[in-house]
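Participant: Submitted below is the structure of interest, expressed as structure tokens.
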Amino acid sequence: MSLMRRLFGPDLSPEQRGRLDAWRKLPDEGGRIVVVDVETKGLDPTRDALISIGAVAVRDGRIALGGGFSVVLRQKDASSRENILVHGITGETQRQGLPPADALLDFLEYLGKSPLVAFHVAFDETAIRRAMKEYLGLDFRHRWLDLAHVLPAIRPSLNLRTLDDWVHHFSIVIEERHDALCDALATAELLLIASKEMSYDRMRSIANRRSLGMQI
């Protein structure tokens with residue numbers, strides 16, 4: 001982040017500021033949850049830039065398949081060849097992505113004030129919060145649910161840790177692994193499986209306690 005941006009915040013256009021203000025004023029939307037996944041330039045979300053966001057909405061126990069969200073944030077410099085081999089977002093696609101502020105505003109408008117769900121929230125939340133602060137000047141503090149904490153409580157006898165472990169166990173097909181939208185869709189399917197065994201509020205309670213290192 002440049003010194004000027006750190007001192008004075010991002011230089012948003014009136015239209016962008018208007019979109020951000022409109023999002024801030026949105027009411028909570030009951031019954032809708034947004035499942036999200038991100039891809040970054042590396043494995044450290046405190047340092048590596050956010051490249052893409054994928055998200056799907058879940059409402060009333062169903063995935064809104066027709067309304068998924070996917071965006072690539074424009075990068076000044078493409079990520080390394082090794083990184084591209086992981087997520088498949090080419091250098092040209094990265095350089096031709098949406099301006100980051102517009103991409104993040106699009107995501108906020110898709111999200112509304114719905115709670116967010118991810119697998120290993122710390123990574124996704126850190127990457128998104130950094131980008132929101134840098135490009136929108138927004139201190140993005142949102143409600144999150146971490147399925148990586150919830151699923152072991154539902155299947156305590158299983159020694160499964162990764163997203164790949166869980167989707168394989170439940171025979172969920174990921175069309176393209178490390179594509180943010182495809183991974184978000186697979187995570188949403190895991191959420192639906194979990195929701196058949198406990199309420200969302202119970203899942204949040206378990207996830208919050210596990211994230212604090214407390215006994216269930």
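Participant: Just to check I understand the Karplus step: with θ = phi - 60° and J = 6.51 cos²θ - 1.76 cosθ + 1.60, what whole-Hz values come out for the range 186-198, glycine and proline as x?
Facilitator: My calculation for the range 186-198 gives 5, 5, 5, 5, 5, 4, 5, 5, 5, 5, 6, 10, 7 Hz in order.
Participant: Starting at the first residue of the range 110-116, write each ³J(HN,Hα) from the Karplus equation 6.51 cos²θ - 1.76 cosθ + 1.60 with θ = phi - 60°, in whole Hz, x for Gly and Pro.
Facilitator: 5, 5, x, 10, 5, x, 9
Participant: Something else: Return the sequence-ordered ³J(HN,Hα) values of the range 158-175 in whole Hz as given by the Karplus equation 6.51 cos²θ - 1.76 cosθ + 1.60 applied to θ = phi - 60°, using x for Gly and Pro.
Facilitator: Per residue, the Karplus-derived 3J(HN,Hα) values read 8, 9, 10, 10, 8, 4, 4, 4, 6, 5, 5, 4, 8, 6, 8, 9, 9, 4 Hz.
Participant: Is the range 20-67 best put as rounded, prolate or oblate by its Cα gyration tensor, with a ≥ b ≥ c the root eigenvalues, rounded for a/c under 1.5, and otherwise prolate when a/b is larger than b/c, oblate when not?
Facilitator: Oblate shape, in that a/c is at least 1.5 and b/c is the bigger or equal ratio.
Participant: If you don't mind, there's one more thing I want to ask. Take the alpha carbon gyration tensor of the chain, find the square roots of its eigenvalues, order them as a ≥ b ≥ c, and report rounded if a/c is under 1.5; if not, report prolate when a/b exceeds b/c, else oblate.
Facilitator: prolate
Participant: Excluding same-chain residues fewer than 8 positions from LYS113, which lysines have a Cα within less than 28 Å of its Cα?
Facilitator: Answer for LYS113, where 28 Å is the Cα cut-off: LYS25, LYS41, LYS133, LYS196, listed by chain and number.
Participant: For the chain, give the magnitude of the charge dipole about the Cα centre (Cβ charges: +1 Lys/Arg, -1 Asp/Glu; no others), in debye to the nearest 20.
Facilitator: Value, rounded to 20: 700 debye.
Taken together, the values in this text are just the output of simple stated rules run on the coordinates, not laboratory data. From a predicted model like this one, the values you see are computed outputs, not experimental measurements. Don't worry about glycine lacking a Cβ; one is built from the backbone with ideal geometry, like all the others, and counts go over all protein chains shown.
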